[in-house]
């Protein structure tokens, strides 16, 4: 028979052991929850840090707040300059309302508070500059990686026209960003030194003047970079920074040559590979050149409002099913990117699109030609900035080849007298319809098909004219026989102007740089004189 005391001991020992187990499990659960919490916080911190190394995120932030949108890089130093003037004006005596009501409470002069305000503004300005420069550095890093990647695929990037000017433009921009940031840092250091001497002393006033000069110099360096914005977060982010150094005088494949002349080297290399693949997916019996021009014409009309179903229908007439899918779902040249590229082309060469627009209107309305055996159109910008782009379209509708002379004369542009001889191959009278045609329909009897054929078979001349003065200008374009007999001609009146925004930006940059350099030299000299 068991002892009752032993039974009681055994009964009491069980709950103690279970409670120990429960407490250990609770501790384990708490340890796991703490480790998971730490791991979660760590992963979130890494993601947050990673976002500030993500060019897409920084570019969106930069576009909305820093460089564009609110434009902190312009407004912050502008407010700082106003505060500088206030601090200098009241460095000796504070205004009466400040002395009577505020200074007894905070114990600081009006100019000292303005100096603190300038310090806070400069701190925000430096932070904005640092983020902007970091974004630019990420862009350059991505650009270099893209160039190396293209070279590994045996795509010639560095040998393309425009690569070196684009690279130099980016390097100049980076250098100016660096000097702008250094000047802002020196400005805030000079401002901080005022706390040791006081704004009322000569040393404090000269330090304030030095800080002001460095801030203005920083603004001058930054303003000079705003004329060429670029990024690699978007596929078309380098277009605005790229200026085509040359272009063909006679366009062989009109739209393709236009696109290649305006694309930056990275996009141009991708475009050449894209075109090769596109032409390999053309339907049997379709001329690849015609297919390429019709594709570009269709994309252009889509930018003008042609719906996607009509775009697919036009593509299906010239491409195989795989070709249509390739064009629609290309990783670089998506439909959205094409819209951006075409919009960029229209801004660079508006005269070309206005010229083909008139031909399209004549086709839609069924208008007859001025001369039955030749199509002749010419256009150039109404307002010329820097250089003029003159586009001329010629198409022979007779059954015999024609040799014609295109003569361009103007007392206001260089070259003043330009004559070019063209051999126009025989064409077909039926290339120009007798009645109006719809924009898009099944077959090749619509505006898209006819216009693509006209651009393929016709001759488009693209001449750059350099203005010699500002104001009103006249350009005369004549199409002549070799003997000098006039076939058809046109005279255009244009206005030559400077780009107002660029002119203001350049003048502001020069003035700010000049004030900053002179102010820095004078302030440094006076400080050196006091110290010595």
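Details
- 18 Å cut-off, amide nitrogen to a point 7 angstrom out along residue 193 Cα→Cβ, residues in segment 500-532: 516-532
- From the C-alpha gyration tensor of segment 223-304, square roots of 5λ in Å: 28, 14, 12
- Summary of the geometry: segment 260-285 and segment 182-247, compared by the centres of their Cα atoms, lie 42 Å apart.
- Mean residue ellipticity, 222 nm, helices only, the chain: the sum of -39500 (n - 2.57) across DSSP H runs of n ≥ 4, divided by residue count and rounded to 500, is -20000 deg cm²/dmol.
- The relative contact order of segment 356-465, computed from alpha carbon pairs under 8 Å that lie at least 6 residues apart in sequence, is 33 percent.
- Angle of helix 265-279 to the longest C-alpha principal axis of the chain, folded into 0 to 90 degrees and rounded to 10: 50°.
- Listed by Cβ neighbour count within 10 Å, with the fewest neighbours leading, 242, 125 appear as 242, 125.
- Measuring r between the beta carbons of residue 250 and residue 100 and using R0 = 60 Å, the FRET efficiency lands at 0.15.
- Its residue count N sets the reference 2.2 N^0.38 Å, and the alpha-carbon radius of gyration of segment 413-532 equals 2.09 times that reference.
- Each part reduced to its alpha carbon centroid, segment 47-114 and segment 404-480 end up 56 Å apart.
- With the Kirkwood sum run over all distinct C-alpha pairs, segment 249-346 has a hydrodynamic radius of 13.6 Å.
- Applying 1/(1 + (r/R0)^6) with r as the Cβ-Cβ distance of residue 335 and residue 130 and R0 = 51 angstrom yields a FRET efficiency of 0.85.
- Across segment 123-222, Cα-Cα distances exceeding 15 Å account for 69% of all pairs.
- Averaging the sequence gap over all C-alpha pairs within less than 8 Å and six or more residues apart, then dividing by the number of residues, gives the chain a relative contact order of 14 percent.
- If the convex hull is drawn through the Cα atoms of segment 349-497, its volume per residue in Å³: 103
- Footprinting exposure proxy ranking of 422, 393, fewest other C-beta atoms within 10 angstrom first, gives 422, 393.
- Exposure proxy ranking, count of Cβ atoms within 10 Å, fewest first, for 98, 338: 98, 338
- Chain lengthening between residue 137 and residue 343 when straightened (0.36 nm per residue, less Cα-Cα): 71.4 nm
- Helix 308-318 and the long axis of the chain differ in direction by around 50°, with both axes built from C-alpha atoms.
- Potential extension, residue 276-residue 308 segment - 0.36 nm per residue separation minus Cα distance: 9.1 nm
- As a ratio to 2.2 N^0.38 Å, the alpha-carbon radius of gyration computed for the chain takes the value 1.46.
- P(r) tail for segment 473-532: Cα pairs beyond 12 Å make up 79% of the total.
- Label positions at residue 75 and residue 522, each projected 7 Å from the Cα along the C-beta direction, are separated by 3.1 nm.
- Rel. contact order, % - alpha carbon contacts under 8 angstrom, at least six apart, segment 392-532: 24
- Spatial separation of Cα centroids for segment 482-532 and segment 370-399, in angstrom: 34
- Overall shape of segment 149-293 was characterised from the C-alpha gyration tensor. The equivalent ellipsoid obtained from it has semi-axes of 53, 14, 11 Å, in decreasing order.
- Cα long-axis angle, helix 163-197 against the chain (0 to 90 degrees, to the nearest 10): 30
Readers should treat all values here as calculations from the given coordinates under stated rules, not as data from a laboratory. The model shown is predicted, which means the values in this text are computed figures rather than measured ones. For neighbour counting, all protein chains shown are included, and Cβ atoms are generated from backbone atoms with ideal geometry for every residue, glycine included.
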